[in-house]
Amino acid sequence: MRIEFFSSLRIKLRIEMDNRLTESKIKLLQKTSLFSMLKIKELNEVAKYGIFSNYKKGEIIIKEGSWEKGLYIVEDGEVIITKNIDTGKEINLASFIPGEWFGEMDVLKNAPNSVNAIADKDTRMLVFPTNEEIIQNIFQEYPEITAKILHKLLAVFAKRIRSTNKLISDKSPWIRDLRRQLYSDQLTGLFNRSFLEEDLITLLPKYGENTSIIIIKPDNFKEVNDMFGHEAGDKTLRLMAIFVQSILRNEDIAVRYRGDEFAVVLPDTGGKVAFEIAEEIRSTLNEIDLRHITGNDDFRITVSIGIAVYPDNAVDSASIIKMAYETMFKARDSGGNRVLFVNSDKSFGA
């Protein structure tokens, strides 16, 4: 009898705890704008998929680049959203306090997480861990609930877009400063690789009928590092960046691409003008006096340059950059210190 009594008591206590937990979930969902329009019965169904999780101050909740997805609702504490930039630093993008939610964008897209989420203090959240199977089950089993949530999401996204557009027009200096932080290379002051991989995707179609991409790589930069040290190498890269920028027009964009490699984006520019600019870059870099860096009168930088033109050679940013990059190596393999067009064996240079 005693065993049956305690077994029955445990079951009863477990049911009471589950009920209290569900009540806590529903109360939080009612305070959250994404779910506040749902009826109690609908909230009860949604609550089944949520799990309360606790995070210590400084604990990483979402890691940039990971595939772990979730919708997070803050019950207590605070979460900050950050993004890594090329300088090795993090910048703060947003913060979330009790009743607010985040993670919906990464849930909806088939891509790695684009930001970090970090507990700024001890934090408790209702988490909806997601995978394709769970999402499909919810869509099929609760079509009316899904429709209401998606409708709310669309309204939220539309409001964010309007707010962002207003922010861009009202706070353009702030936006420019944020872009500099996100897309600036610390060593040279040029745009960094993230600009080419993230921002150019949307900018490229707006640049005019043609946009040329130039990739530049020193043929003998390794000798600078090997013979004169890495500090001399850094100084040489800074000097190259200054000279490249001095040749470009106001609308052109110079980028430090990879290590000792540079890229140049030439909006509304066809192959003929792109070649003229690339050739001027090549000859100018050849003439840089490095004596104050190397102490060697005879040492000169030579460069190999590849050119590809959008949309003639490719119709998306990733492909056009790749083609220009591969063409630069062809120029290098054919002797170096020359300019080469994509899909052409004809090179120009010394």
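Kirkwood analysis of the Cα pair distances in the stretch 208-350 returns a hydrodynamic radius of 15.1 Å.
Lysine pair count for the stretch 190-331 with Cα-Cα distance under 26 Å and sequence separation of 8 or more or different chains is 12. With a Förster radius of 56 Å applied to the beta-carbon distance between Ser95 and Ser319, the computed FRET efficiency rounds to 0.90.
Here the Karplus relation 6.51 cos²θ - 1.76 cosθ + 1.60, evaluated at θ = phi - 60°, turns the backbone of the stretch 224-229 into coupling constants of 4, 5, 5, 8, 10, x Hz, with x for every Gly and Pro.
Averaged per residue, the stretch 211-311 has 41 square angstrom of accessible surface, using a 1.4 angstrom probe with ligands and nucleic acids left out. With the charge dipole of the stretch 237-316 set up from +1 on Lys and Arg Cβ and -1 on Asp and Glu Cβ about the Cα centre, the Cα lying farthest toward the positive end among the listed residues Ser283, Leu266, Leu237 is that of Leu237.
Straightening the chain between Glu279 and Asn343 buys 21.2 nm, computed as 0.36 nm per residue apart minus the Cα-Cα spacing.
Each Lys and Arg contributes +1 and each Asp and Glu -1, all at the Cβ; summed about the Cα centre of the stretch 230-350, the dipole is approximately 140 debye. Here the accessible area is traced with a 1.4 Å probe on the protein chains. For the stretch 248-350, carbon and sulfur cover 44 percent of it. Database remark: amide H of Lys69 closer than 5 angstrom to the amide H of Thr130 (H placed geometrically; neighbours at sequence offset of 5 or more, or on other chains; Pro and chain starts carry no H). The separation of the stretch 22-53 from the stretch 206-252, counted between C-alpha centres, amounts to 55 Å. Put simply, the amide H of Gly335, placed in the peptide plane, has no neighbours under 5 Å, leaving out anything fewer than 5 places away on its chain.
Need one word for the stretch 48-87: rounded, prolate or oblate. Basis is the Cα gyration tensor (sqrt eigenvalues a ≥ b ≥ c); a/c below 1.5 gives rounded, then a/b vs b/c decides.
oblate
Arrange the residues Met240, Met323 by how much accessible surface each exposes, largest first, with a 1.4 angstrom probe.
Of Met240, Met323, the descending order of accessible area is Met323, Met240.
Working from label points 7 Å from Cα in the Cα-to-Cβ sense, the Val156 to His292 distance is 5.5 nm.
Classified by the C-alpha gyration tensor, the stretch 211-255 has a prolate form. Its axis ratio a/c, with a ≥ b ≥ c, is 1.5 or above, and a/b is larger than b/c.
Would you mind checking the pairs Lys69/Lys152; Lys63/Lys89; Lys89/Lys121; Lys63/Lys83; Lys83/Lys152; Lys56/Lys121 and listing those with alpha carbons more than 18 angstrom apart? Violating the 18 Å Cα-Cα cut-off are Lys69/Lys152; Lys89/Lys121; Lys83/Lys152. Residue-wise HN-Hα couplings along the stretch 63-76, as the Karplus relation 6.51 cos²θ - 1.76 cosθ + 1.60 with θ = phi - 60° gives them from phi, are 10, 4, x, 7, 9, 6, 10, x, 9, 10, 10, 7, 8, 8 Hz; Gly and Pro carry x. Other residues within the sphere of radius under 13 Å centred on the Cβ of Val309, judged by their own Cβ, net out at -2 (K and R +1, D and E -1). Quick one: grab the alpha carbon gyration tensor of the stretch 188-281, order the square roots of its eigenvalues as a ≥ b ≥ c, and give me rounded if a/c is under 1.5, else prolate or oblate depending on whether a/b is larger than b/c. Prolate is the answer for the stretch 188-281, as a/c is 1.5 or above and a/b outweighs b/c. Residue-wise HN-Hα couplings along the stretch 147-155, as the Karplus relation 6.51 cos²θ - 1.76 cosθ + 1.60 with θ = phi - 60° gives them from phi, are 4, 5, 5, 5, 4, 5, 4, 4, 5 Hz; Gly and Pro carry x.
The values are calculated or read from the model by the stated rules, or taken from the named source; none is laboratory data. All values derive from a computational prediction rather than experimental measurement. Methodologically, a virtual Cβ is constructed for each residue, glycine included, from the backbone with ideal geometry; neighbour enumeration extends over all protein chains shown. Protein only, heavy atoms only, side chains kept; ligands, DNA and RNA dropped before computing areas. Shrake-Rupley method; radii C 1.70, N 1.55, O 1.52, S 1.80 Å.
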